[in-house]
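Below: the structure, in C-alpha cells.
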Amino acid sequence: METLLFITLGIALACAACWSRARFTGFLAQGPDDYADGQQFDIRQHLNGPMVCEGVIYGPTGRVSSRFVANFDISWDGNDGAMKEHFRYDDGTTRDRAWQLTVDDEGRILAKANDVVGVGEGIQKGSAVRLKYRFRLPDDAGGHILDTVDWMYLAPNGAIVNRSQFRKFGFKVAELVATMRPAPLDMGQAA
C-alpha cells in the first residue's frame with residue numbers, strides 16, 4: 001500500500017511540474033503586459049490592405065508537416081474589419097477563411113470566422129497582439145476542434161511575425177510560424 005502511495009505521489013508531482021513549466025516558462029506563459037512598451041501594434045493600421053504571408057506548420061513531433069503561402073485582403077470601417085485569407089499549401093490544396101474583426105478603444109478584439117467555434121477574443125498591447133479561439137479543422141483533416149492561441153509580434157520594419165499553437169485536451173498538436181507583410185504593389189489583388 002505504501003508503494004502505491006509513493007507512485008501516485010510521484011505521478012502527481014510530475015504532472016504538477018509539467019503544468020508549472022508550461023504555465024510559467026512556456027509559450028502560454030507570456031501575457032499582453034510583457035509587450036506593453038515600445039512600438040504600438042494597431043491591427044487597424046498594420047493589418048490593412050493586401051498582404052502576403054508565408055509560413056510553416058509543425059506537427060506534434062516538432063517536424064514541419066506543411067508549408068504555405070497566403071494572400072490576405074483586409075479592410076476596415078472604423079473599428080470593424082473584414083479579413084479575407086486565401087492559403088495555398090505545399091500539397092496543392094487551398095483554403096479560404098473570412099474573418100470579421102472588431103476592436104474597441106482599449107485594444108480588445110472580437111473575431112469571428114466560418115471555422116471558429118464561438119467568438120475569438122484578443123488584445124493588442126504595445127508591440128504584440130494575442131488572439132484566443134477554438135478552431136474547427138476541415139473534415140478532410142479530422143474535423144477536430146482545437147484550442148488556439150495566436151501571438152503576432154510587430155517587427156521594426158512593419159512586418160508581422162505570427163506564432164500560433166493548437167491544442168487538444170491541453171496537449172500541443174501543432175504549431176504555426178509565419179510572417180505577414182504588405183503585398184508588393186506589382187503583385188496585384190490575389191486574395
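The values are calculated or read from the model by the stated rules, or taken from the named source; none is laboratory data. From a predicted model like this one, the values you see are computed outputs, not experimental measurements. Cβ: placed from backbone, ideal geometry, glycine included. Neighbour counts: every protein chain shown. SASA here: full protein model, heavy atoms, side chains in, ligands and nucleic acids out. Shrake-Rupley method; radii C 1.70, N 1.55, O 1.52, S 1.80 Å.
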Among residues of segment 100-123, those that are in a loop (DSSP other than H, G, I, E, B) and closer than 19 Å to D147 by Cα, counted: 2
- line: When segment 37-81 is checked residue by residue, the ones that are aliphatic (A, V, I, L, M), touching a Phe, Trp or Tyr at 6+ places or on another chain (Cβ under 8 Å) and closer than 17 Å to R181 by Cα are L47, M51, V52, V56, V69, A70
message: Quick check on my filter: what residues within segment 154-166 are modelled with pLDDT under 95 and open to solvent by 50 Å² or more (accessible area, probe 1.4 Å)?
response: P156, N157
message: I need every pair where a residue in segment 29-52 that is within 23 Å of W99 (Cα to Cα) has its Cβ under 7 Å from the Cβ of a residue that is open to solvent by less than 60 Å² (accessible area, probe 1.4 Å) and at pLDDT below 80, sequence separation at least 6 or different chains.
response: P50/A191
Residue among G122, G81 that alone is out of contact with any Asp or Glu (no Cβ under 9 Å at 6 or more places or on another chain), over 16 Å from A174 (Cβ atoms), surrounded by 18 or more Cβ atoms within 10 Å (Cβ to Cβ) and in contact (Cβ under 8 Å) with a residue 24 or more places away in the chain: G81
- prompt: Would a scan of segment 27-45 turn up a residue that is more than 19 Å from L146 (Cβ to Cβ), assigned to a strand (DSSP E or B) and open to solvent by less than 70 Å² (accessible area, probe 1.4 Å)?
  reply: no
field: Failed item in (1) acidic (D, E); (2) exposed (fewer than 13 other Cβ atoms within 10 Å of the Cβ); (3) modelled with pLDDT of 95 or more, with E54 passing the rest
entry: (2)
- request: Assess whether G92 counts as being under 17 Å from the mean Cα position of the chain (by Cα) and not in a helix (DSSP H, G or I).
  value: no
query: When W151 is evaluated against the numbered criteria (1) open to solvent by less than 50 Å² (accessible area, probe 1.4 Å); (2) under 16 Å from G118 (Cβ atoms); (3) touching a residue at least 24 places away in the same chain (Cβ under 8 Å), which criterion, by number, is the only one it fails?
result: (2)
